[in-house]
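Engineer: Handing you this structure, nothing more for now.
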Amino acid sequence: MASRERSVERIYLGLVQDLSGLLEAARRSSVRAVNAVMTATYWEIGRRIVVFEQGGEKRANYGVRLLERLSADLTGRFGRGFSRQNLHSMRQFYLSFPPEKIRQTAPGEFPLPWSHYVLLLARSRSAEALAFYHAEALRGGWSVRQLDRQIATQFYERTALSKNKAAMLTR
């Protein structure tokens, strides 16, 4: 009888482990889906700010007041995440990834979390560097810390200057 109980216990523990893996995978998938939707939403917020603020024209002074007012109103309604600086980042995000550069729907186009895009926008010195770091972060599955380190060590510039670019990218 004790042997049968151990066998049932072993099978039960296998079930618990199997279900745990299933739940952990579902949680990771949910986080990725939420990140994609939120990042696409921030792009859309940036688009709408640009359309409202500029209407095809540059109005920098009005834009500063607009972001301050939006920040106060959205923070009042939704809480954190809508500082003037974050709204500015959303605006820059749209300007850096305009519709003509997007090949598919926004959620599918922005597979990195918002924190990656904020870092890319703040630290990339050129559109080419931004595109390079974006592609490499996707290819390498870089965390935001890894991306920050690669930017800080000028990986793009070193790769551009390298005679053996392929070797640099396989590291």
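Engineer: Inside the range 107-124, can you point out the residues that are more than 10 Å from the chain's Cα centre (by Cα) and modelled with pLDDT of 85 or more?
Structural biologist: Those that are more than 10 Å from the chain's Cα centre (by Cα) and modelled with pLDDT of 85 or more: Leu121, Ala122, Arg123, Ser124.
Engineer: Let me spell it out: the conditions are (1) in a helix (DSSP H, G or I); (2) over 13 Å from the mean Cα position of the chain (by Cα); (3) modelled with pLDDT under 95, and Gln104 meets all of them except one. Which number is the exception?
Structural biologist: (1)
Engineer: Restrict the check to the range 75-83 and report whether at least one residue is over 17 Å from the mean Cα position of the chain (by Cα), modelled with pLDDT of 90 or more, within 21 Å of Val31 (Cα to Cα) and open to solvent by 30 Å² or more (accessible area, probe 1.4 Å).
Structural biologist: Yes, some residue in the range 75-83 is over 17 Å from the mean Cα position of the chain (by Cα), modelled with pLDDT of 90 or more, within 21 Å of Val31 (Cα to Cα) and open to solvent by 30 Å² or more (accessible area, probe 1.4 Å).
Engineer: Do the conditions hold for Arg48, that is, is it farther than 30 Å from Arg69 by Cα and either in contact with a strand residue (DSSP E or B) (Cβ under 8 Å, 6 or more places away or on another chain) or not aliphatic (A, V, I, L, M) (or both)?
Structural biologist: no
Engineer: Sticking with this one: How many of the residues making up the range 1-57 are of a type in the set (A, V, I, L, M) and over 30 Å from Pro98 (Cβ atoms)?
Structural biologist: 12
Engineer: List the residue pairs whose Cβ atoms are under 9 Å apart, where the first residue sits in the range 1-23 and is free of Cβ contacts under 8 Å to residues at least 40 places away in the same chain, the second is in a helix (DSSP H, G or I) and surrounded by 10 or more Cβ atoms within 10 Å (Cβ to Cβ), and the two are 6 or more positions apart or on different chains.
Structural biologist: none
Engineer: Pairs needed: first member in the range 32-48, farther than 22 Å from Gly141 by Cβ; second member anywhere, charged (D, E, K, R) and surrounded by 15 or more Cβ atoms within 10 Å (Cβ to Cβ); C-beta distance under 8 Å; at least 6 residues apart or different chains.
Structural biologist: The qualifying pairs are Gly46/Arg91.
The values are calculated or read from the model by the stated rules, or taken from the named source; none is laboratory data. Owing to the predicted nature of the structure, the values given are computational and were not obtained by experimental measurement. With ideal geometry, Cβ positions are generated from the backbone for all residues, glycine too; neighbour counts draw on all protein chains shown. In case anyone asks, the SASA skips ligands and DNA or RNA and just uses the protein heavy atoms, side chains included. Shrake-Rupley method; radii C 1.70, N 1.55, O 1.52, S 1.80 Å.
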